[in-house]
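The values are calculated or read from the model by the stated rules, or taken from the named source; none is laboratory data. Being a predicted model, the structure only gives us computed values, none of them experimental. FYI the Cβ positions are ideal-geometry reconstructions off the backbone, even for glycines, and counts take in every protein chain you see. Heavy atoms of the whole protein, side chains included, go into the accessibility calculation; ligands, DNA and RNA do not. Shrake-Rupley method; radii C 1.70, N 1.55, O 1.52, S 1.80 Å.
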Amino acid sequence: AIALVSIDGAAPAEVIANLRTPIERERLRAVLGEIAQIVSGDHVRPRLDLVTWETLFAGDSATIRELARRIRLIARSDEPVWIAGHDGSGRAIVARGIHDRSSRRSHPFVALNAGALADESLSTKLFTGTHAAVALAARGTLFIEQASHLGPRTQRELLEFLDHTRGDESRPRVIVGFESEKVTSGISQDLYYRLKVLEIEIPPLVERVRDLEEIVTRMLQ
C-alpha cells in the first residue's frame with residue numbers, strides 16, 4: 001500500500017479510511033485496487049454534492065413551492081430555458097428536473113460547462129462530429145452551464161442551431177444556466193432573445209428562511 005501511495009502522494013483519506021483493523025485480506029486487496037485505479041487515472045470518484053434535488057426542494061415555503069410549480073409547467077414545453085441563480089444554487093439540478101418531467105425524459109441529458117472551455121473547444125464539443133453534444137443529446141436535453149462565458153464563435157453557431165432546429169423534435173432542447181440575471185453583457189442580443197424564451201430564477205436562501213432547518217438537516221444526513 002505504501003509503495004502504491006508514494007507514486008502520487010497520499011491516497012484519498014476516504015479510501016484509506018476503508019481499512020479497518022484487524023486488516024482483512026480481501027478488503028485490503030479491494031482498497032489497493034481502488035488506489036491503483038486512482039493513481040493511474042482510470043477511476044474518478046464521484047463528487048459528493050450537498051445540493052441535490054432533495055436538498056434544493058426541502059421545506060414548504062411559498063418560494064420553493066412556486067419554483068417546483070414553474071419547473072412542472074416549463075417541462076411541458078420544448079422552447080429554450082434560461083435558468084438564473086447564484087453559483088451553488090442548483091442550476092444543473094433544476095435543468096435536470098425539467099428534463100426528467102418532460103416528454104424527452106427517456107432520451108439523454110447532456111451537460112457542458114462553458115466556463116471550463118475556450119471558445120473554439122466549446123464550439124467543437126457542441127457541434128462537431130458524431131460525438132458532439134448536440135448529437136449525443138438528440139431528442140433529449142442539452143444543458144449549457146455558465147453560459148455567460150460563451151465566446152463569439154459558439155454564440156454564432158448556437159444561434160444558427162436554434163434558428164434551424166425550431167420545432168424539430170429530433171434535436172435536443174436547449175437549457176442554459178447563468179450566474180445571475182445581470183451577467184449578460186457578453187451575449188449577443190439575437191442569441192439573448194432566442195435563449196430567454198422561458199425563464200426560471202432560483203431563489204437565494206435569504207428568501208427561504210422558513211426552509212433552512214430542513215435544508216441543513218438534509219445536508220447533514
Requested in this report: Give the accessible surface of the stretch 94-221 per residue, rounded to a whole number of Å², with probe radius 1.4 Å and ligands, DNA and RNA excluded.
Outcome: 55 Å²
Report summary line: Residues of the stretch 89-132 with backbone N under 12 Å of the label point set 7 Å from the Cα of R153 along Cα→Cβ are 118-128
Report task. Determine the gain in length on full extension of the stretch E120-E213; use 0.36 nm per residue of separation and subtract their C-alpha separation, reporting nm with one decimal. Result -> 29.0 nm
**Report entry** Extension reserve of the A138-V206 stretch, reckoned as 0.36 nm per residue once the Cα distance is removed
**Finding:** 20.7 nm
Report summary line: Check: C-alpha center the stretch 78-122 vs C-alpha center the stretch 135-165, spacing in Å is 11 Å
Query raised in the report: Could you give the nm distance between label points at R29 and H86, where each point is 7 Å from its Cα heading toward the beta carbon?
Result: 5.0 nm
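Out of the GluC sites (Glu not before Pro) in the stretch 92-198, which ones are loop residues according to DSSP with at most 13 other C-beta atoms within 10 Å? Can you show the working numbers first?
Values: sites: E120, E145, E157, E160, E169, E179, E181; in loops: E169, E179, E181.
Here the sparse-neighbourhood loop sites are E169, E181.
With the Cα gyration tensor of the stretch 153-221 giving a ≥ b ≥ c as the square roots of its eigenvalues, does the rule (a/c under 1.5 for rounded; else a/b larger than b/c for prolate; else oblate) give rounded, prolate or oblate?
Working: a/c = 3.38, a/b = 2.15, b/c = 1.58.
Because a/c hits 1.5 or more and a/b exceeds b/c, the stretch 153-221 counts as prolate.
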**Report entry** Simple spin-label estimate for T52 and R166 in nanometres, 7 Å along Cα-Cβ
**Finding:** 4.0 nm
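Just subtract the alpha-carbon distance of R69 and N113 from 0.36 nm times their residue separation and send over the number in nm, one decimal.
Details: separation 44, 0.36 × 44 = 15.84 nm, distance 2.64 nm.
Length difference between fully extended and current span is 13.2 nm.
Restrict the search to the stretch 83-166; then list the trypsin sites (Lys or Arg not before Pro) that DSSP places in a loop and that have at most 14 other Cβ atoms within 10 Å of their Cβ.
Values: sites: R91, R96, R101, R104, R105, K125, R139, R153, R156, R166; in loops: R101, R104, R105, R139, R166.
Here the trypsin sites (Lys or Arg not before Pro) that fit, given the DSSP loop and packing criteria, are R105, R166.
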Requested in this report: Using a 1.4 angstrom probe on heavy atoms only, work out the carbon and sulfur share of the accessible area of the stretch 45-127 in %.
Outcome: 51 percent
